[in-house]
C-alpha cells in the first residue's frame, strides 16, 4: 500500500524536460510536424529573404520590425560598441598560443567583457541596463571570434568597419577582405535563421541563470557553455567533416551513405528533437548553397549534400521514420564555402543565437520567477548514522 501511494503522489518524471511546458513566450514558435518556424508571427522564410540580421534583432528585442529611422537609431549604438579593449586582445592572444578551443576562448572573453563595462554594477532588475549590456555583448562577439582566429594563425586582428553590416563586418574582420554581395547576404541570412529557436538547451540555460537575477554577462556566458556541447551546437561541424570524408574516400555520395549505414553510423545533419519533416531553415540554406556554388565555381559541396538528401528521402525513405535534414545539414557546407574555419561554426552559432538569448532574458524578467525544478529521490529511505570511529 505504501509503495502504491508513493507511485500515485510522486510527480511524473520527464527526463530532459521532454514535453514539459515551463513558460509562455511571444518570441518564436517551432511547429515540428509542419516544418514551420516563426519569429513574433513572421515566417522565417520571409525574414531570411527580406530582413537583415539587425532588423531581426530589433524585432526580437523590441517586438516590431523597425522603420528606416528606427533602424538607424538601433544600429548606430551597436556599431559603436564593436571594438574590444586591447587588454582583452592580449588575453585572446594567450589563449591562441595555448591552442584553446574557439568556444572556450569565446566563453572566457565574453565573461571578461563585464570588466570593461563603462557602466558596471547595473541593477539586474533594470531591463534597460540589461538591454544595453546585451547590445554591447552582441556587438563585440564577432570581433572576439575573428580576432581569436587571426591571432592563432599568427596574424594581427582586423579592426571593425562601421560602414559594414553585422554579417559583412565579421567576414571582413575574419579574412581582411570585404566580402562580395553573395557572401555577405548568405551569411546575413544564416544569422537570421539561427537567431532564435524556442526554449532550446542554451536559451533555457540563459533564462535559468537570469531567473536568479544574475546579470546578463553571467547569463550569456552560461548560454555559450551550453551551446558548446556537440548535442546542441556542434552538429554542423560533423556535417562538414562527413562531406570531407566523402570527398577523400573516392566514393560517390550514395556509396558513402550506404557504407555509413552498413557500419551502423548515422549521417550527420539528419534528425531533430522537434522537426519531423525538413527543417525550414535547411530549405533556405540549400538555396544559398547553390548560389555560393554558382558564385565561386566550386560545386562539389552543394552536390554532395543534395545527392545525399535525394538518396535518403527518395530511395531510403527516412522521412517516413520522422527523420529529415536539419539546419546543420546545409549550414556546414555554406560556412565552408564562405571560408570560415570548421571549428568556428559553433562560435558563429553563438554570434547569432545571442540575439535570441537576450530577447528571452528580457521577456522572462518582465515577470521573473526563480526556476527551481525538483528531482525524484530514489536513494535509500532510512539509514542509521554511525560516528567515524565506529565505521
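The values are calculated or read from the model by the stated rules, or taken from the named source; none is laboratory data. No experiment lies behind these values; they were computed from the predicted model shown. All Cβ positions, glycine included, derive from the backbone under ideal geometry; neighbour counts span all protein chains shown.
Looking at residue 384, is it part of a loop (DSSP other than H, G, I, E, B) and more than 24 Å from the chain's Cα centre (by Cα)? It is true that residue 384 is part of a loop (DSSP other than H, G, I, E, B) and more than 24 Å from the chain's Cα centre (by Cα). Under the condition of being in a helix (DSSP H, G or I), touching a residue at least 24 places away in the same chain (Cβ under 8 Å) and surrounded by fewer than 22 Cβ atoms within 10 Å (Cβ to Cβ), the residues counted in segment 152-180 number 2.
The number of residues in segment 279-307 that are crowded, with 19+ Cβ neighbours inside 10 Å and touching a strand residue (DSSP E or B) at 6+ places or on another chain (Cβ under 9 Å) comes to 6. Collect the residues in segment 59-102 that are farther than 17 Å from residue 140 by Cα and under 19 Å from the mean Cα position of the chain (by Cα), keeping them in residue-number order. The answer is 59, 60, 61, 101. Screening 100, 81, 119, 64 for residues that are outside any helix (DSSP H, G or I) and within 22 Å of residue 196 (Cα to Cα) leaves exactly one candidate, 64.
Residues are listed down the side, and each one gets a yes or a no for (1) crowded, with 16+ Cβ neighbours inside 10 Å; (2) out of contact with any helix residue (DSSP H, G or I) (no Cβ under 9 Å at 6 or more places or on another chain); (3) at positive phi; (4) not assigned by TED's automatic domain parsing to the domain that holds residue 300:
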site	(1), (2), (3), (4)
214	no, no, no, yes
219	yes, no, no, yes
223	yes, no, no, yes
227	yes, no, no, yes
242	yes, no, no, no
250	no, yes, yes, no
258	no, no, no, no
262	no, yes, no, no
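Table: residues versus (1) in contact with a helix residue (DSSP H, G or I) (Cβ under 7 Å, 6 or more places away or on another chain); (2) at pLDDT below 95; (3) in the same structural domain as residue 132 (by TED's automatic domain parsing); (4) in a helix (DSSP H, G or I).
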residue: 282; (1), (2), (3), (4): yes, yes, no, yes
residue: 294; (1), (2), (3), (4): no, yes, no, yes
residue: 350; (1), (2), (3), (4): yes, no, yes, yes
residue: 377; (1), (2), (3), (4): no, yes, no, no
residue: 389; (1), (2), (3), (4): no, no, no, yes
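Filtered by the rule that a residue be within 15 Å of the chain's Cα centre (by Cα) and in a loop (DSSP other than H, G, I, E, B), segment 215-241 gives 228, 229, 230, 231, 232, 233, 234. When segment 38-60 is filtered for residues that are buried (at least 19 other Cβ atoms within 10 Å of the Cβ) and touching a residue at least 40 places away in the same chain (Cβ under 8 Å), the ones remaining, listed by number, are 39, 44, 47, 48, 51, 52, 53, 54, 56, 57, 60.
Would you point out which residue out of 133, 149, 121 is surrounded by fewer than 17 Cβ atoms within 10 Å (Cβ to Cβ) and in the same structural domain as residue 219 (by TED's automatic domain parsing)?
121
For segment 124-139, the tally of residues that are over 20 Å from residue 161 (Cβ atoms) and in contact (Cβ under 8 Å) with a residue 60 or more places away in the chain stands at 7.
Out of all the residues in segment 30-37, is one or more surrounded by 15 or more Cβ atoms within 10 Å (Cβ to Cβ), at positive phi, assigned to a loop (DSSP other than H, G, I, E, B) and modelled with pLDDT under 90?
Yes, there is a match, as at least one residue in segment 30-37 is surrounded by 15 or more Cβ atoms within 10 Å (Cβ to Cβ), at positive phi, assigned to a loop (DSSP other than H, G, I, E, B) and modelled with pLDDT under 90.
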